[in-house]
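The values are calculated or read from the model by the stated rules, or taken from the named source; none is laboratory data. Bear in mind the structure is a predicted one, so any value in this text is a computation, not a measurement. Cβ sites come from the backbone with ideal geometry, for glycine too, and all protein chains shown count toward neighbours.
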Amino acid sequence: MIGAVRALVSVVMLAGFYVVALVQLAALVVIGFLVHDWVSGLAAVKLVVPVLIASIGALAVAMWRAIRDKPELDEGVPLTEAEAPELWATVRELAAAVRTRMPDEIRLVPEVNAAVSEHPRLLGLLGGRRYLYIGLPLLQAMTVDQLRAVIAHELGHYSGMHTQLAGVAYRGRLTIAGTIGRLSTYNPLGWVFRGYARLYRLLDNVVSRRQELEADRAAVRVAGRTAAMSALRELPGLSAAWGFFFQRYVELGWTARFAPDDLFGGFGALLDARTDELAALREREPEDRSSAWDTHPPLGARVAAMADAPEVDRAADTRKAGALLPDLRATGMRMQEQLVDIADRQVLPWPDFTAAAIASADQRQADALFRAAARSTGTAQAGLETVLGLVPEGKLGDFAAPFFENATKREAAVQFAGPMTLLLRVAAVRSGAGRWQHSWSEPAVFTGNDGQPLGLREIAELAVSPDTLGEARKRLADLGIDPAAAAMVDERATARGAQVIAAMANVKIDDVAHDLLLLNNGFVFVSNPGDVDKGRERLRALVGSAPAEALAERHRFLPYEEIASTTIEKRTPIRATLTLHDGRQITLREKWDGEDLERNSRETLTEVLNELNG
C-alpha cells in the first residue's frame, strides 16, 4: 500500500512540476511583453528569449532522458543456486513467508548493506526481474538468524510493492534533477525549480521512511523480534569496523601501490581478533536523531518500534551467516578478482602487505626530510649520513628549527630525536635489520629479526648530540643497521595519496589563465582551462575525471614543501606571490569573474598561503 502511495505522490508532484514550469514560462512571456513596452523590441527579445529557450530545452531533455533511462544494475558477484544452495533455500523460505515472488538473482556486494531492486515494465504496472544484494561483511559478522532478519526486511519491500512502483518515483526524481542540472545558476526559473525539488524530496522521504518501517514489520513477523532487533544493533559497529579496516589496514598500502592477496578475508580476520571491541560497539544505544532529509528512520526509532512485537517460536540459529555458503573465503577471493581493480599493484600476503605499506610511508616522510637536508647543505642528494653529519658540526639545530614552532635551535636539536627515530627505522628496514610486524588486534610493532620490539628512540636521542653520536653509531652497528642505507628515493615530492581540498577556476598564474587545484600537499596548475563562463562545471568535471595523483602527473604540480614563503598582497580577489627555495617567484592572481569548486575554496587557499608563510 505504501509503495502505491509513494508512486501516487511521485505522479502528483511530477505533474505539479510541469504546472510550475508552465506557469513560469507563461510569466516569462508576460514579462517579455511588459519589457517590450518599456524598451525596444530587440532588447526584449534578447532579454527573454535566451531564458525561455534554456528552460524549455532543459525540461525537454530531462523528460526524454527520464523516459528512456533505466536504473543501472548494481555491481556484485552473482551466486547461482548450484553455488550456494543453502542461501537460496533460506531466501526461498523467507520469500514464501512474506508472500512475495522469489528474487531472480542473488548478488554479493562489498558493502555493509543489503538491498533489493526490480526492473519493472510500464513504470511499475508490470513486474520485472528482481535482484537481491547481500553485503559480504554481513555474512562475515552476523549470525544466520540476524541475516534472515535482514533478508526478510529486504523481501518485505517486494511484498509492499516498494520496488515494483519505484520506477515512477525514480523517473520523477530523474526529470526534476535533470531539469535543474541543465539550468544555469543565474537563470531565475531555476530558483523556483530548486525550491520545488526540495519539497519533492521532503515528501518522497516521508513515504520512504514509512516503507522502511513496513519492511521492518515483515522482518519481525518472519525472523523474530530478537533477531530483527539484534541485526539492526549490529549495523553501526559493523559499519565502523568496515571503515576502520580500510582506513587503518588497506588505504596506506593501496596508496603505495601494494594490494593484499585476500582483501575481504582480512576483514573477517579483523572481526575475529577484535570481538571485545565489537561487543562494546554493539552495546551502545542506536542513533535516535533524525532529519527531514533522511530516507530511513533513525535506528533507535526502528528498534523501539520492534520492542513490543511478539516473538516468533522457532529454534535459534546462532551459526555465522557465512555457513550459508559452501566456502566463504573462496567467495571473497572471487569477489576480489571480479570487483577490485588491482592495476599494477604488487600483491602481497597480509603480513608483507602491512610491512611494505608502513615502510613505504616512512620512506616518503624520510624523503621530505632528506630533501630539506639537501637544500640546507646545498647537495643534490641527501640521506641519513647527511643529517648525522650536521650533528658534530653543531648545525643540527639550524636544520631542525623550521620543523618545531617557537623552539630555539638548541631545543630543536633535542626535539629532532622524534624525526631521527623515523630515519633510523628507514635505515633498519633498508639494512634488513628491522621490520613492521602485522597484527589484527593491535597496531603494528617495529621489531628486529628476532621478532622482539626494536627500540630506536633511545639511539635517536643519543644521535642528536655531538657528545653521544659515537655511542649511537656503535649501537646501530651492533644491530646491523647501516646509516648509509637510508637515502633519498624521490628527489621531488609527488602527489601520491593526495586529495583535492579546494579548486578555483580562472586564476592567473604568472599572468597566464589557469584553473587551480589545491591538494593537501601541493598546487596543481591546469593551463588552457577553457570557457571562462563554465568554471565550476569545468572544475567538477576535472576533479571527477581522475584521482588527484593522476591530475598532478598530467598538469604542473608544485609541492608545498618547495615553497619557502608566501606574500598575500590582496585578499579579495586574492593576489599573492609564492617564493620558492631556489629563489624563483610565482604570482597568483584571482580574477573577479573566477568561480570556486565549493564556496569555501577561497578561504581554503588563504589558509594554505598563511600556513606556508608560517
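Among the residues of the stretch 68-85, those identified as modelled with pLDDT of 90 or more and either under 26 Å from residue 340 (Cβ atoms) or of a type in the set (Ser, Thr, Tyr) (or both) are 77, 78, 79, 80, 81, 82, 83, 84.
When you scan the stretch 295-303, do you find a residue that is over 30 Å from residue 100 (Cβ atoms) and free of Cβ contacts under 8 Å to residues at least 24 places away in the same chain, even just one?
no
If the requirement is being within 26 Å of residue 246 (Cα to Cα) and either among the aromatic types (Phe, Trp, Tyr) or free of Cβ contacts under 8 Å to residues at least 60 places away in the same chain (or both), which of these qualifies: 327, 367? Result: 327 is the single residue among 327, 367 that is within 26 Å of residue 246 (Cα to Cα) and either among the aromatic types (Phe, Trp, Tyr) or free of Cβ contacts under 8 Å to residues at least 60 places away in the same chain (or both).
Condition (residue is on the phi > 0 side of the Ramachandran plot, surrounded by fewer than 17 Cβ atoms within 10 Å (Cβ to Cβ) and without any contact (Cβ under 8 Å) to a residue 60 or more places away in the chain) applied to the stretch 499-507: is it met by at least one residue? The answer is no, given that none of the residues of the stretch 499-507 is on the phi > 0 side of the Ramachandran plot, surrounded by fewer than 17 Cβ atoms within 10 Å (Cβ to Cβ) and without any contact (Cβ under 8 Å) to a residue 60 or more places away in the chain. Counting residues in the stretch 550-559 that are within 23 Å of residue 581 (Cα to Cα) and in a helix (DSSP H, G or I) gives one or more. Picking from residues in the stretch 327-365 that are out of contact with any helix residue (DSSP H, G or I) (no Cβ under 8 Å at 6 or more places or on another chain) and not in a helix (DSSP H, G or I), the one that is nearest to residue 425 (Cα to Cα) is 349.
Among the residues of the stretch 402-422, is any over 30 Å from residue 242 (Cα atoms), among the β-branched types (Val, Ile, Thr) and outside any loop (DSSP other than H, G, I, E, B)? Looking through the stretch 402-422, at least one residue is over 30 Å from residue 242 (Cα atoms), among the β-branched types (Val, Ile, Thr) and outside any loop (DSSP other than H, G, I, E, B). Quick check, is residue 413 within 25 Å of residue 469 (Cβ to Cβ), surrounded by 15 or more Cβ atoms within 10 Å (Cβ to Cβ) and either touching a strand residue (DSSP E or B) at 6+ places or on another chain (Cβ under 7 Å) or free of Cβ contacts under 8 Å to residues at least 12 places away in the same chain (or both)? Here the answer is no, as residue 413 does not meet what is asked.
Taken over the stretch 521-533, the residue count meeting the criterion of being in a loop (DSSP other than H, G, I, E, B) and in contact with a Phe, Trp or Tyr (Cβ under 9 Å, 6 or more places away or on another chain) is 1. Is it the case that residue 436 is modelled with pLDDT of 95 or more, under 37 Å from the mean Cα position of the chain (by Cα) and not in a loop (DSSP other than H, G, I, E, B)? Judged against the criteria, residue 436 is a match. Please go through the stretch 86-108 and pick out each residue that is modelled with pLDDT of 90 or more and assigned to a loop (DSSP other than H, G, I, E, B). Across the stretch 86-108, the qualifying residues are 102, 103, 104.
Please go through the stretch 372-401 and pick out each residue that is assigned to a loop (DSSP other than H, G, I, E, B) and aliphatic (A, V, I, L, M).
380, 382, 391
For the stretch 565-586, the count of residues that are on the phi > 0 side of the Ramachandran plot and either free of Cβ contacts under 8 Å to residues at least 24 places away in the same chain or assigned to a strand (DSSP E or B) (or both) is nonzero.
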